[in-house]
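Participant: My structure is below; once you've seen it, I'll send some questions.
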Amino acid sequence: MLLNKLLFSFLLMSAAAGSAFGQIVDGDGPLDRTAEQSAIFRETFRNLIADESKTFASFGKDGNPGKRTTVKSALLIYVSKADRPAELRVVKEVDGTPIPDAAKRGEEFLAEMDRVKTDESLLKKLEKESTRHDPTYTIYGLALHQGTVLDPWLREAFTFAPAGESVIDGHRVMAFSYAQSAPNDYVAFNSKPPDSSKPALIFDLDLPKSVKRSDLRLFGTIWVDVETYRIRKEERGVYFDAEKSVPLLTERFEYADSEFGILLPRSISLVFNELKRKDGKYTIRSHDSVLFEYSNYRKTNVEVKISDDDS
C-alpha cells in the first residue's frame, strides 16, 4: 500500500536555445522563473473545477491486466479559513454506476468542513472523503501542486542540469533533470514532514526487505516552455541506491494549454512496481497503475454549490 500526497546522458544545448536557458546552473534564473509560474498555477487552479476520471489497474506476473476500477468525480479546491487550499473530490460514479445523492453528500460535507476547528483535521477529512471509493492506493494532492521540487525548502536537496531541447504540443521546451543529492525532511519516505503547512512529497512504500528508507532517492525531469517558463511535463521516480535502473514508483504529469492563462493537468499516471531479487539483482515481478485524466475545466462561483451538473 502506498500513500502519496502533496498537502513529489546529458545533452549539449545548441546555440539556438537562446535566452537564459543557455546559462543554466543550479538555482539560476530559469528555475526561479519556473517556480514563479508554478506558484501562479496553484493560485489559479484553486478557483477551478474539473471532471476527473481515475482508473486503477493491476498487472500480474505475465503482464496481463487484472482487476480494474474507474472512479469519476468532480474535482474542486477547498480553501480553509487559514487560506490553505486542498483537493476535494465529489465522487459521482464508480465503474459506471452512479453514486446516489452525490450532490447532496457534497453539500453536507462542505457544511461540515465549516465546523472543523483545525487545519490538520480538515485536511484529513478532505483526503478521506476524496479517496473513499479508491480500491487500493491512496493518492492525494498531485493535481493541485506542480513543480514541487522547486519549492525553496525542497530545492536545496536536489541538483539540476540541462537535459536538452525538444517540442511538446508544438511548443519548444527545455528539459532539466534533477537528482536528490541529500536527505530532506520534505521528501519523506515512510515518514512525516516536520511542518504540514508546506507542500511536501510523501511516499509510504512497501519496501523489499533488503531496502531501507534511508536508501531511497527521488530523480526526475521537468520540461519547461522556453517562452513562458511553464511546466509542460514532468516525470519522476523513486529509486534506491543499490539499483537505480529499477524504480519502486514512477509518476508522469502532462499539462495542456487552457483558457485560464496557465497550463492545466491533462493526465497524471503512476506505476507501482513490486520487485523480486534474484542473483543479487532486482527485477519487476508485477505492477499496478493509476491514471488520472482531466477535462471540462471551469471556474467556481463565489459561493461553492455542488449540484448534479456542478453548475
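The values are calculated or read from the model by the stated rules, or taken from the named source; none is laboratory data. None of these values were measured; they are calculated from a predicted model. Virtual Cβ from ideal backbone geometry, glycine too; neighbours counted across all protein chains shown.
Participant: Tell me which residues, restricted to the range 251-261, are surrounded by fewer than 21 Cβ atoms within 10 Å (Cβ to Cβ) and either within 22 Å of Y137 (Cβ to Cβ) or not acidic (D, E) (or both).
Facilitator: Residues satisfying the conditions are R252, E254, A256, S258, F260, G261.
Participant: Condition first: within 17 Å of Y137 (Cα to Cα) and touching a Leu at 6+ places or on another chain (Cβ under 7 Å). Can you find one or more residues in the range 278-286 that meet it?
Facilitator: No: the range 278-286 contains no residue that is within 17 Å of Y137 (Cα to Cα) and touching a Leu at 6+ places or on another chain (Cβ under 7 Å).
Participant: With respect to G63, is the statement that it is buried (at least 17 other Cβ atoms within 10 Å of the Cβ) and outside any strand (DSSP E or B) true?
Facilitator: no
Participant: Shifting gears a bit: Quick test of your reading of the structure: T148 fulfils all but one of (1) over 24 Å from A200 (Cβ atoms); (2) touching a Pro at 6+ places or on another chain (Cβ under 8 Å). Name the failing condition by number.
Facilitator: Of (1) over 24 Å from A200 (Cβ atoms); (2) touching a Pro at 6+ places or on another chain (Cβ under 8 Å), only one is false for T148: (1).
Participant: Please enumerate the residues belonging to the range 85-118 that are touching a strand residue (DSSP E or B) at 6+ places or on another chain (Cβ under 9 Å) and under 27 Å from S197 (Cα atoms).
Facilitator: P85, A86, E87, L88, R89, V90, V91, G106, F109, L110, M113
This table checks each residue for (1) modelled with pLDDT of 85 or more; (2) polar (S, T, N, Q); (3) under 24 Å from G220 (Cβ atoms).
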site: A103; (1), (2), (3): no, no, no
site: R115; (1), (2), (3): no, no, no
site: E120; (1), (2), (3): no, no, no
site: K128; (1), (2), (3): yes, no, no
site: G141; (1), (2), (3): yes, no, yes
site: H145; (1), (2), (3): yes, no, yes
site: W153; (1), (2), (3): yes, no, yes
site: A161; (1), (2), (3): yes, no, yes
site: M174; (1), (2), (3): yes, no, yes
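Participant: Read through the list (1) of a type outside the set (D, E); (2) at pLDDT below 85; (3) not in a loop (DSSP other than H, G, I, E, B), then give the number of the only condition that T34 fails.
Facilitator: (2)
Participant: Can you work out which of the residues in the range 43-60 that are at pLDDT 95 or above and charged (D, E, K, R) is surrounded by the most Cβ atoms within 10 Å (Cβ to Cβ)?
Facilitator: Once the filter is applied, the top-ranked residue is E52.
Participant: Tell me the residue from S80, S121, S130, S166 that is among the small types (G, A, S) and under 18 Å from the mean Cα position of the chain (by Cα), please.
Facilitator: It is S130.
Participant: List the residue pairs whose Cβ atoms are under 6 Å apart, where the first residue sits in the range 210-225 and is over 15 Å from S181 (Cα atoms), the second is small (G, A, S), and the two are 6 or more positions apart or on different chains.
Facilitator: Close Cβ pairs (under 6 Å, with a partner that is small (G, A, S)) amount to W223/A175.
Participant: Residue check: is E259 in a loop (DSSP other than H, G, I, E, B), in contact with a His (Cβ under 8 Å, 6 or more places away or on another chain) and either within 28 Å of R84 (Cβ to Cβ) or not polar (S, T, N, Q) (or both)?
Facilitator: Criteria not met by E259.
Participant: Can you name every residue in the range 183-206 that is part of a loop (DSSP other than H, G, I, E, B) and in contact with a Ser or Thr (Cβ under 9 Å, 6 or more places away or on another chain)?
Facilitator: Result: P183, D185, Y186, P199, A200.
Participant: Moving on. Please specify each residue of the range 191-250 satisfying the condition of being acidic (D, E), farther than 18 Å from A175 by Cβ, in contact with a Lys or Arg (Cβ under 9 Å, 6 or more places away or on another chain) and surrounded by fewer than 16 Cβ atoms within 10 Å (Cβ to Cβ).
Facilitator: D241
Participant: If the Cβ limit is 9 Å and pairs must be 6+ apart or interchain, which residue in the range 174-199 that is farther than 15 Å from E156 by Cα pairs with which residue that is exposed (fewer than 15 other Cβ atoms within 10 Å of the Cβ) and polar (S, T, N, Q)?
Facilitator: These pairs meet every condition: M174/S166; A175/S166; F189/S214.
Participant: Residue check: is G280 exposed (fewer than 15 other Cβ atoms within 10 Å of the Cβ), closer than 22 Å to H171 by Cα and out of contact with any Cys (no Cβ under 6 Å at 6 or more places or on another chain)?
Facilitator: Considered against the rule, which asks whether it is exposed (fewer than 15 other Cβ atoms within 10 Å of the Cβ), closer than 22 Å to H171 by Cα and out of contact with any Cys (no Cβ under 6 Å at 6 or more places or on another chain), G280 comes out as no.
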